[in-house]
Amino acid sequence: MGRGLISDDVISQIRDRVDITEIVGHHVSLSRTGQNLKGLCPFHQEKSPSFTVSPSRQIFHCFGCGAGGNVFTFLTRITGASFPEVVRDLGRKVGIEVQESAAPGPQTAQAGRIEQVNRAAAAWFHANLQQEKFGEPARRYLLERGIHDETIARFQIGVAPAEWDGLMNALADQGIGSNDLAASGLAVARDQAADGQRKGSAGFYDRFRGRVMFPITDLRKRIVGFGGRTLGDGTPKYLNSPDTALFKKGLTLFALDQAREAITRTKSVVVVEGYFDAIALHQAGIGQTVATLGTALTSEHVQVLRRFASNVVLLFDPDAAGVRAALRGLDLFVNSGLGVKVVTLPAGEDPDTFVRKAGPGAFVALEERAPSLLDYALEYSLKEAESGSLEGRIRSVDEILRILQKSEHPIEREERIRVVAERLTISQSRLIERYPALLARQKKAPEGNVPQPAVSQTFKGSPEERDLVWCLLHGKLTSSDVRRLRPDMFSVPACQTLIELALLSLDRDGRIEIRSLLDSAMDDELCGALATELSLREDHFDDVAAHIKGCLERLDLKRAESVLRDLIAQLKHAEREGRWNDAQTLNVQVNELQKRKAGATTAGPISLVKE
Ligand SMILES: [Zn+2]
């Protein structure tokens, strides 16, 4: 982890004021098991929780993929932000100012600049809405759509005037140029050849004109982009910022930052397609709602949702495009471990009009009765098939069977085959004949295509090394045990580093200060993962003191044997080359070591320095 130039003192002050369980809890739904908390790992796909957080040690570790560290490690990994950015963000949260002395990288600098520009633009759009004359059409429009003032403030909704350079002129006063606006996607470079008349701000014009503006914020509450709904009949009806160094549509979900708490609490998320739908549901008290940004759901979106929720409610328009979107979702969600339902609103209603008329209770009732995504897709295909010609029916059978294949449970699949056969008046055996894969797949492992974790979590060294490090991290070593520790007793480099750090973290009594050891271990990725793994691993030794003594002795012995082998090899080499003086010295050392090794179990540690 690059600490930049932030002082260790500031870093530890911030760390001492935050609680890792609270921070992680914003991203992962955790439940308590004994001393620790557990949840589904946000860094790899899993169905049973192996992601563990320790409140007492303020660390996390995933026993599935090996990810581990402290609160800073967690935030850098989950937000993709750099270490100094994370420290600064957390510092702001707990009221500790972090002096910026390190120069950020070019990508970070660009993203930082875009964020600044977006913030200024959002403030201006929002202020426009309050302007008496200027903001009137937009205010009227929002009123018609039933959006309250409070909601306008909460989502910082604004308006872009129907001008070519309104934003450019307004922000120029703040030292924000058209190049900055273009980098943020708020201005567009004019095609000079096609548009000779309009000169204006050095060949740029405002992207958003005559639109109600919705700032899009990420989980760090940064304004990453904008969505704009036209106020007139202009096209397109909805327009989004293009992807920038700060904004990736395929990764971002509108209102996720506002919905996160409710999603974590209810373990459920409602996915809608538009800004107004999301805002209307939030306003109606359905706070676990997010919206896609004019793109189809991506597998990255699904990954983001998995971090917080175990159930997904998809709310699509029941028109053909909406159904296609739902069917695409089938491929994305299959084997994601998420329960997915599809809510269909009565004809002619959208989420916005529906909750306003019928109230949030009616929405919850719809949600409870909603079919699973698989059944929804099946029902849709069946309806198509039933109404079609014989030829069409046979064709749609293939689609239906393709969908059925996605069901992971053989019994559910059989039940559905029965329903399909009945509805289409085709015999079950004919269906299976047509799609032998339906049965063939039953024999295969149902989770064959679940991705394997990227990093192995298993400890690489000998059992003695593992147990000794475990005892060390659990405060079982006495000061005399600590005096016998040497990095070169260990074969795993991460262990060697950890022992070096442990020997630097001694208290006045010569015992290891575990908290400060853990902190320094987190600066090294491998060492940090080793420390969190063994810190959170549950182990038990009947006689800890005897076990430690045994481990130390065996490691000493192994080390002595390896030194001996090395010396003998050197001795042979020296003899072959005729370096008799060297050979003589080496010979003395070998003899000495063999003598001591013979009495090793009774003597103290062998401290032989290899020269
Ligand atoms: Zn994991």
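The values are calculated or read from the model by the stated rules, or taken from the named source; none is laboratory data. The model shown is predicted, which means the values in this text are computed figures rather than measured ones. Neighbour counts run over all protein chains shown; Cβ positions are idealised from the backbone, glycine included.
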Do we have Leu401 as modelled with pLDDT of 75 or more and either among the polar types (S, T, N, Q) or under 30 Å from Ala529 (Cβ atoms) (or both) here? no
Within the range 437-460, track down each residue that is modelled with pLDDT of 60 or more, of a type outside the set (S, T, N, Q), within 27 Å of Leu526 (Cβ to Cβ) and out of contact with any helix residue (DSSP H, G or I) (no Cβ under 6 Å at 6 or more places or on another chain). Lys460
Of the conditions (1) within 13 Å of the ligand (Cβ to nearest atom); (2) basic (Lys, Arg); (3) in contact (Cβ under 8 Å) with a residue 40 or more places away in the chain, Arg15 fails just one. Which one is it? (1)
If we ask which residues in the range 21-36 are within 16 Å of the ligand (Cβ to nearest atom) and of a type outside the set (S, T, N, Q), their number turns out to be 4
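This table checks each residue for (1) surrounded by fewer than 16 Cβ atoms within 10 Å (Cβ to Cβ); (2) modelled with pLDDT of 95 or more.
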residue: Gln110; (1), (2): no, no
residue: Gln130; (1), (2): yes, no
residue: Phe134; (1), (2): yes, no
residue: Ile152; (1), (2): no, yes
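Of all residues being hydrophobic (A, V, I, L, M, F, W, C) and touching a helix residue (DSSP H, G or I) at 6+ places or on another chain (Cβ under 9 Å) in the range 136-150, which is surrounded by the fewest Cβ atoms within 10 Å (Cβ to Cβ)? Just the residue, please.
Kept after step one, since they are hydrophobic (A, V, I, L, M, F, W, C), are these residues of the range 136-150: 138, 142-143, 147.
Now drop any that are not touching a helix residue (DSSP H, G or I) at 6+ places or on another chain (Cβ under 9 Å), which leaves 138, 142, 147.
Details: Ala138: 25, Leu142: 22, Ile147: 20.
Here the answer is Ile147.
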From the list Arg92, Arg77, which residue is without any contact (Cβ under 8 Å) to a residue 60 or more places away in the chain and within 16 Å of the ligand (Cβ to nearest atom)? Arg77
Per the list (1) among the charged types (D, E, K, R); (2) modelled with pLDDT of 85 or more; (3) surrounded by fewer than 17 Cβ atoms within 10 Å (Cβ to Cβ), residue check on Glu261 breaks on (2)
Just a yes or no: is a residue in the range 517-533 modelled with pLDDT under 90, outside any helix (DSSP H, G or I) and more than 30 Å from Cys62 (Cβ to Cβ)? no
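Got a sec? Which of Ala160, Ala138, Ala189, Ala172 is modelled with pLDDT of 90 or more, under 22 Å from Ala109 (Cβ atoms) and not hydroxyl-bearing (Ser, Thr, Tyr)? Walk me through how you get there before you give the answer.
Numbers: Ala160 fails: under 22 Å from Ala109 (Cβ atoms); Ala138 fails: under 22 Å from Ala109 (Cβ atoms); Ala189 fails: modelled with pLDDT of 90 or more.
Ala172 is the lone residue from the list that is modelled with pLDDT of 90 or more, under 22 Å from Ala109 (Cβ atoms) and not hydroxyl-bearing (Ser, Thr, Tyr).
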The listed residue being more than 24 Å from Pro236 (Cα to Cα) and crowded, with 23+ Cβ neighbours inside 10 Å, out of Val342, Val364: Val342
If you scan the range 230-242, which residues turn out to be surrounded by fewer than 23 Cβ atoms within 10 Å (Cβ to Cβ) and either outside any loop (DSSP other than H, G, I, E, B) or among the hydroxyl-bearing types (Ser, Thr, Tyr) (or both)? Thr230, Thr235, Tyr238, Leu239
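Can you list the strands (runs of 3 or more DSSP E) found entirely within the range 243-334 that contain at least 2 residues being farther than 25 Å from Gly185 by Cβ? I'd like the intermediate steps shown before the answer.
Working: elements: 268-272, 289-291, 311-315.
Fully inside the range 243-334 and qualifying: 268-272, 311-315.
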Within the range 528-538, can one find any residue that is over 29 Å from the mean Cα position of the chain (by Cα) and surrounded by fewer than 16 Cβ atoms within 10 Å (Cβ to Cβ)? no
Filter the range 37-47 for residues that are assigned to a loop (DSSP other than H, G, I, E, B) and among the hydrophobic types (A, V, I, L, M, F, W, C); the one that is nearest to the ligand (Cβ to nearest atom) is Cys41
Looking at the range 79-193, what helices (runs of 4 or more DSSP H) fall wholly within it and have at least 2 residues that are more than 22 Å from Arg222 (Cβ to Cβ)? 136-144, 149-154, 166-172
Looking for something part of a helix (DSSP H, G or I) and either among the small types (Gly, Ala, Ser) or under 23 Å from Ser520 (Cα atoms) (or both) - is there at least one such residue anywhere in the range 25-34? yes
Among residues of the range 48-74 being assigned to a loop (DSSP other than H, G, I, E, B) and within 12 Å of the ligand (Cβ to nearest atom), the residue nearest to the chain's Cα centre (by Cα) is Ala67
Scanning the range 344-367 for residues that are assigned to a loop (DSSP other than H, G, I, E, B) and charged (D, E, K, R), which turns out farthest from Ile286 (Cα to Cα)? Glu349
Residues within the range 210-229 that are buried (at least 18 other Cβ atoms within 10 Å of the Cβ) and among the charged types (D, E, K, R), tallied: 4
I need a count of the residues in the range 464-509 that are part of a strand (DSSP E or B) and at pLDDT 90 or above. 0
